[in-house]
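Asks: Take a look at the following structure, please.
Bear in mind these aren't lab numbers, they're just calculated from the coordinates by the rules spelled out. Please read all numbers here as calculations on a predicted model, not as lab measurements. No Cβ is skipped: glycine too gets one built from the backbone with ideal geometry, and neighbour counts run over all protein chains shown.
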Amino acid sequence: MSVRVSSNQMVYTYKRALNAANARQDKLMEQGDGSKLHRPSDNAADYSKFLRFGTADAENVQYQDNVSTGVSWMKTTDASLVSMTAIQTTFKEKTVAAANDTNNQMDMKATAKEMMAEIQEVVSIGNTQQGDRFLFGGQRDLVRPFEMNEKEITRGLAKTLDEKQARFFSGQDGVDDSTDRSITQMLRLRGSDNNVYYLNTKDGNIYSEKFVEKGYKDVVAQNADAVADASVHPVGKLAGWAGAAPTEKVSKYFKNTGELIQAGGVPPTLTGATANANNKEGIQLPTSFKFETIEQKIVTYSGDRKYISMVKKNGTTEPTADTVNVTGPDIFGTDIFDDANSGNVASGTAMLNDMLTVYTKVNQDDHHWLVTDGQTISDQAHGQTVNTEAKLGARQNLYDSTKEMLAKQETIITGDITDVSATDVAALAVKLMEAQTVYNMSLSLGARILPASLADYLH
């Protein structure tokens, strides 16, 4: 049986082959931009890898941007903290000098003015901005965080324990310094007998001024490891301050800045203390106590304690390591008026307000208080800021290491993208020449085998 192939069939078959040759040539020409992948059909497996590598590269770019922003933020923060610690170092030196009772009243007034200028400078540094954002305001970074009151307020006067005192009174029933507290303190009371006493706000125990300042040393002299014994050393106890749910807290009498709460303008009076029969000091316990106070300016904090994180790698977030900012409570710690045991939230200005207490005492020419309390306050305020600066430096080092790691990862990812998508130029040139040759031969062959048209006959 014979098969008849019409001229139309020959033309169709030829055109289809010619178009296929042209399509192959066009596809090769696309690779002239350096990439062999323009659609999934080019190579499904390689295109899938290309998409994955592209996503990884985009993430890497974002992480590098986060790290760069974080490093910039931390460098500015660190520079501010360095300035603060330098000022606090000078403030500490002035406190030590002012404690010398050879200074006359004019000397003390002059020193006080210098101290106030330094505190104001610390407040100004606390309001440092990065762009339009305040560095130390937490996530409320569009609000000026630190403001110093123009008017003086009535602030509680605390007894700040030095290192040896803190070690002694940190026994089982002594001052608890395990709750994120920067200074170990007791509240200063004035008894109805006009003597000074100190209240341990953790358990309500009351100690005489003589025992806290000097008497404890006799106990330590007999036993270097001795700590406060609640059954012997206190002269008395106020009920309600101890237990799992105490009814008496610092927050009942003081705001978190240390400002005394006076209902109806009347200072609170503490009564109902029970005497300790085992105490050997021979003190008759007063019938009532009032909080010792001081008239001074305070600084308030309008920021919050929330942190700003810059995610720098895949996987679970690390809030501690990702944090790039420090807040007011980080820099200025907490004291007896706003620590975890007080019932108040952190004020964010504890050390600043304690420094203002030191300034006020210098201005009042109170050498004795500067020796017993002032030097410890200025030293610990400085230490708090230095500790915060060290923690920030550790995070900054981590970010610097991460920045280097991300740069190396970018190089690897770029190489992977090139390997999976880049065109082999030499091989492409050969294939293009082959495709062009086939296409030209197809045109030449078509001219010979295709039947002549009517126009060709007329020609």
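Asks: Let me know the volume per residue of the alpha-carbon convex hull for segment 292-408, in Å³.
Replies: 122 Å³
Asks: Decide, for segment 367-418, between rounded, prolate and oblate: order the square roots of the alpha carbon gyration tensor eigenvalues as a ≥ b ≥ c, take rounded if a/c falls under 1.5, and otherwise choose prolate if a/b is larger than b/c, else oblate.
Replies: Prolate, since a/c reaches 1.5 and a/b exceeds b/c.
Asks: Hey, got the Cα dimensions of segment 60-176 along the principal axes, in Å, largest first?
Replies: Each principal axis gives a Cα extent; for segment 60-176 these are 62, 44, 27 Å.
Asks: Separate question: How high is the relative contact order of segment 260-370, given as a whole-number percent (alpha carbon pairs under 8 Å, six or more residues apart)?
Replies: So the answer I get is 20 percent.
Asks: If you don't mind, another one. Return the Rg/Rh value of segment 236-373, two decimal places, where both radii are evaluated on C-alpha atoms and Rh is the Kirkwood radius.
Replies: Rg divided by Rh gives 1.09.
Asks: If we sort 373-381, 302-310, 158-166 on the protection proxy, mean other Cβ atoms within 10 Å, highest first, what's the order?
Replies: 373-381, 158-166, 302-310
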